[in-house]
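One structure is given below, encoded as structure tokens.
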Amino acid sequence: MAERKTVRKWFWVWEFDKEERWLNQMALSGWALVEVGFCRYVFDACEPGAYIIRLQMSPGDENYLDFLKDTGAEYIGRVTKWIYLRRDAALGDFQLFSDNSSRLEHLGWIARMLLVIGVMNLVIGVVNSFNGTNLGAINLICATLLMYGLGRIHGKMESLEKDRELEE
Amino acid sequence: MNNDIALTESTYYILLSLYEPQHGYGIMQRTEQLSGGRVKLAAGTLYGALSSMTERGWIRPLPGESGSRKKEYCLTKEGLLALKNELDRLKELVQNGETILGGENDG
């Protein structure tokens with residue numbers, strides 16, 4: 001049986017590209033992602049660079065996974081709405097998005113999710129603060145953090161939009 | 001039908017690949033082959049594009065054969081028209097470029 005190890009690590013939602021880079025670094029150094037959980041990553045030993053790992057927010061459509069499988073991608077697992085995929089590096093470069101319109105659409109889904117959860121926290125936080133519950137502060141901190149994340153995602157979207165003014 | 005729209009490169013090649021019915025992976029391969037390996041459609045991009053084009057009525061899924069989970073798509077009349085309009089637009093672009101730049105490329 002292959003050697004296995006579990007790593008606990010935390011990434012903010014808006015750092016998904018950093019998370020993806022880290023997972024690919026692991027694959028390059030001979031550790032292929034086989035299982036994901038909340039802040040938990042399980043790796044099996046593999047040939048260094050045997051896989052390319054990608055993650056994305058799921059479009060919420062079950063047929064999508066079948067569609068991906070047809071293109072040679074393997075589904076590793078999901079955490080909430082995020083799906084983790086890998087493909088044999090021998091099949092060539094593996095990307096989920098190949099143009100800026102679809103990259104922007106993907107960032108748009110993430111932005112919407114952050115906005116909804118952020119506003120929910122804001123409302124709960126304000127209501128709880130008026131009720132004199134100390135818990136309100138926690139929701140307000142969460143809301144601030146999520147709004148910061150939303151700002152980061154919007155920053156990424158703006159730079160893509162700028163590219164799109166001149167090129168496809 | 002709006003004649004002034006410009007299709008994206010992905011949209012153009014997806015429609016062109018669907019001149020004959022294809023499933024998703026077939027579209028990716030056909031596009032890569034047609035463009036001599038230059039245009040590689042990624043799965044997420046293609047999946048999103050297929051659903052927007054279906055909504056627009058440019059393509060439609062073919063009734064699936066039982067036991068096959070691979071959905072095949074084909075071009076509709078509207079899709080063919082969009083493709084022909086785009087071809088006219090591209091011809092105009094090429095013609096103007098050639099007229100103005102003339103022999104610049106020959107060097």
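The values are calculated or read from the model by the stated rules, or taken from the named source; none is laboratory data. Note that the coordinates shown come from a computational prediction; the quantities given were computed from them, not determined experimentally. Cβ: placed from backbone, ideal geometry, glycine included. Neighbour counts: every protein chain shown. Surface accessibility is based on the protein's heavy atoms, side chains included, excluding ligands, DNA and RNA. Shrake-Rupley method; radii C 1.70, N 1.55, O 1.52, S 1.80 Å.
Overview of values
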{"item": "Rounded, prolate or oblate (a/c below 1.5 giving rounded, otherwise prolate when a/b exceeds b/c) for chain B by Cα gyration tensor", "result": "prolate"}
{"item": "Separation of the A:Tyr148 and B:Ile5 label points, Cα + 7 Å toward Cβ, nm", "result": "4.1 nm"}
{"item": "Selection from A:Met120, A:Ile153, A:Gly77, by position along the positive dipole direction of the range A:50-168 (Cβ)", "result": "A:Met120"}
{"item": "Given charges at beta-carbon only (K, R positive; D, E negative), |dipole| of chain A in Debye", "result": "820 debye"}
{"item": "Solvent-accessible area per residue, Å², over chain A with all protein chains present [probe radius 1.4 Å]", "result": "56 Å²"}
{"item": "Pairs of lysine residues in chain A - Cα separation under 29 Å, sequence separation of 8 or more or cross-chain", "result": "15"}
{"item": "Chain A shape via C-alpha gyration tensor axes, a/c threshold 1.5", "result": "oblate"}
{"item": "Average partner coverage of A:58-68, which counts Cβ from other chains inside 10 Å", "result": "3"}
{"item": "Within-11-Å neighbourhood charge of A:Arg4 [Cβ basis; K, R +1; D, E -1]", "result": "-2"}
{"item": "Shielding of B:46-56 by partner chains, average beta-carbon count, 10 Å", "result": "3"}
{"item": "Cβ crowding within 10 Å averaged over residues, with B:44-53, B:89-98 ranked highest first", "result": "B:44-53, B:89-98"}
{"item": "Residue mean of other protein chain beta carbons inside 10 Å, B:18-25", "result": "2"}
{"item": "Cα gyration tensor, the range A:4-91 - rounded (a/c under 1.5), prolate or oblate", "result": "oblate"}
{"item": "Within-13-Å neighbourhood charge of A:Val34 [Cβ basis; K, R +1; D, E -1]", "result": "0"}
